[in-house]
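One structure below.
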Amino acid sequence: MGIRIPGRHNSNCRCTDERVEMAIDGALSRKEQERFLQEVKLCAYCSDKYEREKSFKQFLSSKVSRKALSPSFISSLKEKIGKQPGHHGRFMS
Amino acid sequence: MQENGNQEEQIFSEEFLPHADALYTFAYHLAYDEVRAQDLVQETYMKAWRFIRSYQKGTNAKAWLFKILKNAFINEYRKKSKRPHSVDFEDFLAYHDSEDSSYKDLDLNNEIFQDMMGDEVTKALNDLPVNFKTVILLCDIEGFTYEEMSAIIGIPIGTIRSRLHRARNMLKEALEGYAANLGYTKS
């Protein structure tokens, strides 16, 4: 087991920037993710990086504006589809 | 015949329409214009209806619709662009490859980032080149997996990962720029 030195990689650390990003994006298998979370605790540098990247992703998700279409847009869309060749007329519901 | 039609309408209503707002958000950030974004969403649904028989019920409707919308946007973008799109993008990558090798650390605990309005973050995102903006929107806003993004954009997973890494760094730089303009400097 290595020693945590702030701001530096633990000498035994096997984390890479790529693995940190895969972890925050949910791209590791469950087993890999568990192993990663154990390993990251032993390296101050990676643990810090992991927390910052995770926060950044959450920050973006919470700040970027989401749009909503009006019900009239959806009604008009259904109407247009109802007029398409091959359609039997009125769109159900 | 009528039964097939009803089944298709059911797929459309139950599997396609629930993604309308997500598609609109994606289209809006790509086009940065509400009217164009609505046109893109409409075009997407019209195409989805036309090709509904090639869609397999219960599969990934959201990824399928996002792919249609992305293609519609790219076609429109290429028509409007004077220079071929790929040249712009490759020039841009060559420039950024020379200076982007590691993570940029952004201190989100800094009060300026906590106070930053959604509009400023949205603007920073919308200012990114379209290929970079796309991966951020798909991954960080819509939660698609690398595999799904690869299918939507039509590029290998390795390219998705490197593009996402660059895009995040570029966005952090832009946000730091905002903070600096507002009088906050890097600690």
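Overview of results
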item	result
Region B:19-52 and region B:128-148: distance between their alpha carbon centers, rounded to Å	16 Å
For A:SER65, residues with placed amide H under 5 Å, excluding near neighbours	B:THR122
Cβ-based exposure ranking for B:MET149, B:MET46, in which fewest neighbours within 10 Å come first	B:MET46, B:MET149
Sorted by Cβ density within 10 Å, fewest first, the residues A:VAL40, B:VAL35	B:VAL35, A:VAL40
Point-charge dipole on Cβ atoms (K/R +1, D/E -1) for region A:17-82, about Cα centre, debye to 20	400 debye
Amide proton proximity set for B:TYR55, modelled H, under 5 Å, gap of 5+	none
Sequence of B:ASP119, A:ASP25, B:ASP140 once ranked by neighbouring C-beta atoms within 10 Å, starting from the fewest	B:ASP119, A:ASP25, B:ASP140
Global form of region B:1-80, assessed from the alpha-carbon gyration tensor, a/c cut-off 1.5	prolate
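Taken together, the values in this text are just the output of simple stated rules run on the coordinates, not laboratory data. Every value quoted in this text rests on a predicted model; they were computed, and no experiment measured them. Glycine gets a Cβ as well: all are built from the backbone with ideal geometry, and neighbour counts include every protein chain shown.
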